[in-house]
Amino acid sequence: MRVADRGALSPGSSAFEPARGVPLDLSRRPFRKLGAKLAMESVSMLKTHVLAAVMLVFGGASWAGSHATDTTAAADTDASAPAETVDLEAAERIFRKSCRACHGNKAQGAASYPELADKTPEYIAEKLEIYRSGEKIGPNSILMISHAKKLSDEDIANISVYVATAFD
Amino acid sequence: MLHATSFSALSLSAALLAGTAFLSVPAFAQNGLNTTSLQHEIVLDGLDNPWDMAFLEDGTMLFTEKCLGLSVRMPDGSVNALYGVGETEGYASNGADLFCEGQAGMMGVAFDPDFGENRRIYVYSTSNMSDPHTNRLMRFTLSEDFTSVSDRTDIVDDVPYKMAASDHPFGGPGAHNGGRVRFDANGHLFLTTGDTHNGEVPQSPTMMGSKVLRIDTDGTAIADNSPPDGFDPRTYTYGHRNIQGIAFHPETGAAITAEHGPWHSDEITILQNGGNAGWDPRPNMAGRGDCPDNYCGYSPNQEGGMNRYERAAFMPMTDFDTYPDAMPPIWNNNGWSQGTSSAAFLDGDAWGDWNGAMVVGIMGIGFGGTPIGQRIDVIQFNDDNTDVEDVTEMTLPMDTGRFRSVVMGPDGSLYTSIDEGTIYKLTPGG
């Protein structure tokens with residue numbers, strides 16, 4: 001386990017639960033900003049920001065509820081945590097095997113399958129957690145549940161950041 | 001009885017020829033069939049789910065985008081937006097009743113064989129003009145300057161549409177509309193349709209889903225269509241699942257479909273006038289009990305992967321036990337379903353050994369342990385053109401994608417669109 005606190009990752013846990021109730025607001029895209037930064041900044045900076053992404057993904061319930069938008073502040077807040085990264089290469093392997101055939105080669109959406117590249121890592125992780133719990137939340141839930149059940153917490157952390165940032 | 005006799009003969013010859021093909025494999029391998037070198041060009045990019053294309057001899061290309069509408073790309077590369085879906089902006093005119101939902105929207109397109117004389121084109125799209133909504137085949141007149149369409153006439157207005165979500169994978173509204181629109185060499189218009197996740201549709205004599213319609217350009221049945229008594233006379237074949245590929249053999253003229261299977265058994269089938277493709281996903285028959293929302297199409301174990309042959313035994317794509325005279329598929333994709341979509345025949349010496357072979361676009365699937373399989377297959381027929389002799393995956397000069405459409409261009413190139421938004425031109429040689 002390389003990210004955050006496992007307790008916060010359990011589907012249905014109190015730490016994760018509030019995020020489900022937060023309506024999706026695509027105008028609020030802190031992770032899109034983060035993705036742009038990832039492309040530009042140094043490796044050391046990248047680690048810090050990715051950490052921020054991970055913390056927001058998995059510890060982000062209170063963040064989401066409070067509508068905080070400043071990723072820099074979030075990173076500062078978490079600066080005392082051990083520096084970890086998401087594994088984008090591992091994420092790409094999962095993407096090519098499990099996501100691409102339906103969601104498109106750039107996660108741009110295809111056929112009746114929605115775009116992912118325009119979503120935030122938080123949104124992707126939230127949905128994957130729900131699918132992994134076996135809960136049906138849309139017409140293609142059966143497909144998504146079968147994929148999500150195979151994902152570890154680490155896989156979800158990796159793939160969430162990857163699909164939301166790799167194709168910017 | 002006529003049908004039964006001809007099907008039996010075909011089955012026998014198919015069995016004999018399958019043996020011949022097997023013995024021939026080493027020789028073909030030495031010939032290196034998969035060595036055709038292809039060049040690729042991006043014709044158009046950044047499209048919204050391009051679904052189908054149609055060409056004139058000068059390279060003029062009609063194309064549809066599922067949620068946007070119909071456009072034409074002129075030989076000089078300029079694009080005119082002709083007829084928009086719903087309120088889509090930027091089109092010369094719009095069909096306010098047209099909409100997209102899930103797999104539904106604007107789909108197949110064709111030029112009239114006499115376009116030079118009558119300026120007519122045909123487009124298939126989902127419409128809310130009727131309740132419940134339907135899929136419609138529309139005929140238009142295209143202006144002399146290729147900038148607008150007029151005279152919309154809905155020559156088919158009653159192909160079923162799935163109104164509500166159901167408890168199935170891919171279970172959203174709008175599922176299984178078929179959608180390909182093609183003319184054969186006789187000038188007959190073929191429209192392929194789908195089962196809309198409704199168990200009653202495929203074998204229904206009157207609901208026009210799961211059919212291949214053969215009609216004239218007014219939408220009237222061709223006189224010698226010979227479905228069983230009581231069937232809608234527009235029916236050329238029935239009992240299909242969701243056909244998105246149809247092409248006509250250049251030598252025999254036979255209509256040949258490429259059809260998307262239910263987690264198993266994508267099928268290529270040589271159609272027989274009046275034939276039954278044998279898909280019948282109703283519950284409480286053929287050894288099955290109840291199924292989710294009265295549709296067994298994804299049963300058993302529709303929420304997880306399982307062996308494809310066990311699936312096929314429970315819910316066959318072609319149910320010979322129930323329908324012994326069903327049209328036998330000549331290819332079943334090794335038992336896999338990987339999103340078989342469209343079909344065309346390669347034409348031109350530049351294609352070498354592949355000249356005259358069928359190509360099938362496969363969109364890929366990411367579920368239940370099935371290999372994804374995004375590719376274009378080259379299907380070579382036997383000398384009698386009654387069976388598949390060899391299948392080769394095309395070595396593509398670009399990345400794969402969801403190959404929704406394959407269409408032979410007038411320039412000897414194969415054009416293919418992927419759902420991701422690109423239309424490619426594939427040219428042999430180089």
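The values are calculated or read from the model by the stated rules, or taken from the named source; none is laboratory data. Since the model is a prediction, treat every value here as computed from it, not as a measurement. Quick reminder, even Gly has a Cβ in these numbers, built from the backbone with ideal geometry, and neighbours come from all protein chains shown. Surface areas here come from the heavy atoms of the whole protein model, side chains and all, with no ligands, DNA or RNA. Shrake-Rupley method; radii C 1.70, N 1.55, O 1.52, S 1.80 Å.
All alpha carbon pair distances within region B:322-402 were sorted into 10 Å bins beginning at 0; the resulting P(r) in whole percents reads 16, 44, 30, 9, 1.
Out of B:G84, B:G230, B:G219, any idea which swings most in a Gaussian network model of chain B, alpha carbons joined below 10 Å? Of B:G84, B:G230, B:G219, the Gaussian network model singles out B:G230 as fluctuating most.
Show B:R282, B:R119 ordered by accessible area, largest first, where the area counts protein heavy atoms only and the probe is 1.4 Å.
Ranked from most to least accessible, the order is B:R282, B:R119.
Whats the longest run of chain B with zero GluC sites (Glu not before Pro) that are DSSP loop and have at most 15 other Cβ atoms within 10 Å?
Formally, the longest exposed-site-free interval is B:252-430.
With viscosity 0.692 mPa s and temperature 37 °C, the Kirkwood radius over alpha carbon pairs of chain B converts through Stokes-Einstein to a diffusion coefficient of 152 µm²/s.
The per residue volume of the convex hull around the alpha-carbon atoms of region A:88-165 is 78 Å³. With a cut-off of 14 Å, note down the residues of region B:88-112 whose backbone N falls inside the zone around a label point 7 Å from the Cα of B:S130 toward its beta carbon. Answer for region B:88-112: none.
Over both sides of the A-B contact, add up the buried accessible area with a 1.4 Å probe and give it to the nearest 100 Å².
Values: alone 8580 and 16270 Å², together 23050 Å².
Buried surface at the A/B interface: approximately 1800 Å².
Using a probe of 1.4 angstrom, how much of the accessible area of region B:64-108 is carbon and sulfur, in percent? Heavy-atom surface of region B:64-108 belonging to carbon and sulfur, 1.4 Å probe: 47 percent. Rolling a 1.4 Å probe across all protein chains gives B:W331 an accessible area of roughly 60 Å².
For chain B, what is the relative contact order in percent, using Cα pairs closer than 8 Å and at least 6 residues apart in sequence? Walk me through the numbers on the way to the answer.
On the way: 1156 pairs, mean separation 66.1, N = 430.
Relative contact order for chain B comes out at 15 percent.
Once both labels are positioned 7 Å from their Cα atoms along Cα-to-Cβ, the gap between A:A90 and A:E135 label points is 2.6 nm.
Panel note: contact residues of region B:336-374 (accessible area lowered by at least 20 Å² against the chain on its own; 1.4 Å probe) correspond to B:G366, B:F367, B:I372, B:Q374.
Computed from the C-beta positions of B:A185 and A:S152, the FRET efficiency with R₀ = 51 Å rounds to 0.35.
Placing R0 at 45 angstrom, the Cβ-Cβ distance between B:E87 and B:M285 gives a FRET efficiency of 0.55 after rounding to 0.05. Here the simple spin-label model places points 7 Å from the Cα toward Cβ, and for B:T220 and B:Q39 these points are separated by 4.8 nm.
Ordering B:R73, A:R93, B:R241 by accessible surface, largest first, gives A:R93, B:R73, B:R241; the 1.4 Å probe counts only protein heavy atoms, with every chain in place. Within the listed set B:L98, B:L44, B:L414, the Gaussian network model of chain B (springs between alpha-carbon atoms below 10 Å) gives the highest mean-square fluctuation for B:L44.
Can you tell me the length gained on complete extension of the stretch B:N334 to B:D145, counting 0.36 nm per residue apart and subtracting the Cα distance? Write out the running numbers ahead of the final one.
On the way: separation 189, 0.36 × 189 = 68.04 nm, distance 4.76 nm.
Difference between extended and current length: 63.3 nm.
Counting Cβ atoms of other protein chains within 10 Å of each residue's Cβ and taking the mean over peptide A:108-118 gives 5. Here the extension length gained between B:A165 and B:D58 equals 34.2 nm, from 0.36 nm per residue of separation less the Cα-Cα distance.
Place a label point 7 angstrom from the Cα of B:N307 along the Cα-to-Cβ direction, then list the residues of region B:316-331 whose backbone nitrogen is under 18 Å away. Residues passing the 18 Å test: B:316-317.
The GluC sites (Glu not before Pro) of region A:83-135 include none that DSSP puts in a loop with a beta carbon having at most 12 other beta carbons within 10 Å.
By the helix-only formula, in which each DSSP H run with n ≥ 4 contributes -39500 (n - 2.57) and the sum is divided by residues, chain B has a 222 nm mean residue ellipticity of -3000 deg cm²/dmol. Counting Cβ atoms of other protein chains within 10 Å of each Cβ in A:135-142 and taking the mean gives 5.
Can you give the average number of partner chain beta-carbon atoms within 10 Å of each beta-carbon in peptide B:409-420, as a whole number? Could the numbers behind the result be given before it?
Numbers: counts 0, 0, 0, 0, 0, 0, 0, 0, 0, 3, 9, 10.
Partner Cβ neighbours, averaged per residue: 2.
Rounded to a whole number, what % of the accessible area of region A:88-165 do carbon and sulfur atoms account for, probe 1.4 Å? Solvent-exposed carbon and sulfur of region A:88-165 make up 51 percent of the total. Between region B:58-119 and region B:367-387, the alpha-carbon centres lie 30 Å apart.
Result for chain B in a Gaussian network model with C-alpha springs under 10 Å: among B:I222, B:I243, B:I256, the largest mean-square fluctuation is at B:I222.
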